[in-house]
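Below: one structure, written as structure tokens.
Bear in mind that the values in this text are calculations on the coordinates, not laboratory data. All figures in this text were calculated on a predicted structure; none of them were measured in a lab. Every residue, glycine as well, gets a Cβ built from its backbone with ideal geometry; the counts of neighbours run over all protein chains shown.
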2 protein chains.
Amino acid sequence: MTTSGQVRHDLIATLEDSGFRLTAPRRRVADSIDGQADAFTAEDLCDSVPGVGRATVYRTIKLFVEAGALCKLAMPDGAPKYSLSKIGHHHHTVCVRCGKVGDFRDSTVERMLRSLVKEVDGQIVGHRMEVYVDCSDCSTS
Amino acid sequence: MTTSGQVRHDLIATLEDSGFRLTAPRRRVADSIDGQADAFTAEDLCDSVPGVGRATVYRTIKLFVEAGALCKLAMPDGAPKYSLSKIGHHHHTVCVRCGKVGDFRDSTVERMLRSLVKEVDGQIVGHRMEVYVDCSDCSTS
DNA sequence: TTACTCCTGATACAGATTATCAGTAGCAAA
DNA sequence: TTTGCTACTGATAATCTGTATCAGGAGTAA
């Protein structure tokens with residue numbers, strides 16, 4: 001649980017920078033994201049901001065994802081979760097048992113994509129990648 | 001559009017090999033998959049086999065995915081599509097405009113995963129990857 | 001044929017998200 | 001500081017992608 005308020009501040013700054021209004025519900029959602037450990041579902045967020053409508057929570061999440069402040073990632077069964085984007089573009093490891101999310105540096109991924117340019121038909125416009133792990137905490141318990 | 005019947009034959013053989021019954025609805029679904037160009041949605045298939053129930057179409061798709069005859073892949077917005085698995089384990093490129101699916105050799109991907117082993121916390125148990133492209137047909141039209 | 005199941009279709013349900021829409025509240029200008 | 005525009009909100013319905021249920025039907029082995 002991060003309680004520094006830094007995350008909250010950054011999220012709100014993201015809204016300002018993108019020209020969106022700083023409303024009370026959005027502040028509360030930002031506040032709640034600041035308090036989430038690891039990856040969370042949209043429903044987790046809804047539960048943690050009682051009084052804020054579900055639609056508004058989903059809309060706010062979408063704003064943050066589009067602004068790059070949150071990442072939408074997929075669990076092995078395809079179920080979506082969200083996590084903070086600490087660094088610009090990166091990829092995730094997700095523990096299939098506890099759901100803990102990790103980042104990894106993606107220089108190798110980028111190198112791979114560069115080598116794919118020669119192999120694919122057309123322009124590469126994006127990619128999606130998740131690596132599923134059995135994390136050390138889970139595998140020793 | 002493939003009309004060779006080879007795909008249909010292979011799908012039906014997959015059912016036999018897995019010990020499932022060869023029913024008329026399943027044959028019709030296999031037939032329809034044979035007629036699909038590139039990636040298709042479950043709903044596309046439902047539309048192409050009138051008279052076969054939606055639930056049966058979804059159940060049959062699931063059988064093929066579990067048997068490895070079909071791949072479930074995700075579009076950039078997360079919407080699922082299905083495509084034939086021509087080779088064992090591989091990855092896809094998906095054209096974000098026309099939906100055309102391509103494969104690429106994954107030696108580079110495997111090399112990347114090996115290098116990630118050192119970097120991640122725990123055992124890698126799986127991964128998911130899609131590369132989105134603007135294919136040559138679309139970008140010149 | 002028989003008989004045993006698996007399979008089917010219709011339908012209801014589920015989970016995640018988006019659309020709708022009337023009312024509310026930011027925020028900039030006066 | 002009031003006004004006024006319009007983005008934003010919450011409630012709710014609808015959508016999309018499936019899955020559960022269940023009574024009846026069709027494969028398949030004997």
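Between B:D47 and A:H9, take the C-beta separation as r, use R0 = 41 Å, and let me know the FRET efficiency to the nearest 0.05.
0.25
From helices alone, chain B scores -12000 deg cm²/dmol at 222 nm; the rule is -39500 (n - 2.57) for each run of n ≥ 4 DSSP H residues, then divide by the residue total. Legend: calculated FRET efficiency, A:K118 to A:M75, from the Cβ-Cβ distance at R0 = 41 Å, rounded to 0.05, equals 0.80.
Determine the sum of side-chain charges near B:E16: Lys and Arg each +1, Asp and Glu each -1, restricted to other residues whose C-beta is under 14 angstrom from that of B:E16. Around B:E16, the charge tally is +2. Once both labels are positioned 7 Å from their Cα atoms along Cα-to-Cβ, the gap between A:T56 and B:K62 label points is 3.8 nm. Label-point distances for B:R105 to the equivalent site in the other copies, using a point 7 angstrom along Cα→C-beta, read 2.9 nm when ranked shortest first. So how far, in whole Å, is the C-alpha centre of segment B:60-96 from the one of segment B:123-140? Comparing the Cα centres of segment B:60-96 and segment B:123-140, I get a distance of 12 Å.
Position B:G51: other-copy label points at 6.0 nm, ordered by increasing distance, label point 7 Å along Cα→C-beta. Placing a label point 7 Å from Cα along the Cα-to-Cβ axis, A:M75 is separated from the same position in the other copies by 2.5 nm, shortest listed first.
Across peptide B:90-102, the mean count of Cβ atoms from other chains lying within 10 Å of each residue's own Cβ comes to 2.
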